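Read-outs: derived from the displayed coordinates by stated rules, not from any lab. Treat the numbers as computed from the prediction; the structure is a model and nothing was measured. Every residue, glycine among them, receives a Cβ derived from its backbone with ideal geometry; neighbour counts consider all protein chains shown.
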Amino acid sequence: MKHGPAELEPLAEWVRGIGTAEKLDLFVQQSIGRLFVETFTATEESLAGARMVLEAASSSNVLRMLGWRIGGRLERAKTLLASMVNGDLTAVNAMITARQLIVDGLHKMQATCCRPSASIFNNDGCCRGPMPLCTNHRCTPGENLRRGRRLSL
């Protein structure tokens, strides 16, 4: 199994079922922000701002969007995000849309990842087949196949 950079281990842990969705969102936004600004630190406020901008861009609730615009919340959210990445609009867009796409993808990975409750485990707690995301260390890579275990879903 190929191992990625150590700084992405929290994402792998989340896929394996360790951590909360809120921490995942913050970590993903921070990882994206650091591609643009080395010292970027995601906050609850920046995450809420990104969610609001994304919702405003895709919502059909005209009254809510109008309220956000008139009240200035939407503009403040955009300004906050832009200020955190030195006005880089590409970074702002990434923290809004790419964050959501990455988080959605990680949710899908978690849903299909090896975990004790999944039927892809045998009685020894090892995956029945070669699962690229399986990091159950009771089995060494390839051990499942040598024992003749196969994945059957």
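Name all residues of the range 36-67 having a backbone nitrogen under 19 Å from the label point set 7 Å from the Cα of residue 104 along its Cα→Cβ direction, giving them as ranges.
Residues 47-61 fall inside that zone.
Which value, in debye to the nearest 20, gives the size of the charge dipole of the range 23-122 about its Cα centre, when Lys and Arg are +1 and Asp and Glu are -1 at the Cβ?
220
Between the range 1-69 and the range 75-108, how far is it from one alpha carbon centroid to the other, in angstrom?
Measuring centre to centre over Cα atoms gives 7 Å.
By how many nm would the segment from residue 75 to residue 23 grow when fully extended, if each residue of separation counts as 0.36 nm and the alpha-carbon distance is taken off?
16.2 nm
For the range 4-97, which GluC sites (Glu not before Pro) pass both filters: DSSP loop (anything but H, G, I, E, B) and at most 15 other C-beta atoms within 10 Å?
38
Stick to Cα atoms and the Kirkwood definition of Rh, then tell me Rg/Rh for the range 6-112.
Reported Rg/Rh, Kirkwood definition of Rh: 1.00.
Set the Förster distance to 22 Å, then compute FRET efficiency between residue 44 and residue 112 from the Cβ-Cβ distance, nearest 0.05.
According to the calculation, E is roughly 0.15.
Long-range amide H contacts for residue 42: which residues qualify at under 5 Å (H placed 1.01 Å from N, peptide plane, sequence gap of 5 or more or a different chain)?
30
What does the charge add up to near residue 49, with Lys and Arg as +1, Asp and Glu as -1, over the other residues with Cβ less than 10 Å from its Cβ?
So the surrounding residues net to +2.
Given R₀ = 30 Å, what would the calculated FRET efficiency be for residue 66 paired with residue 93, taking r from the Cβ atoms and rounding to 0.05?
E between residue 66 and residue 93, to the nearest 0.05, is 0.85.
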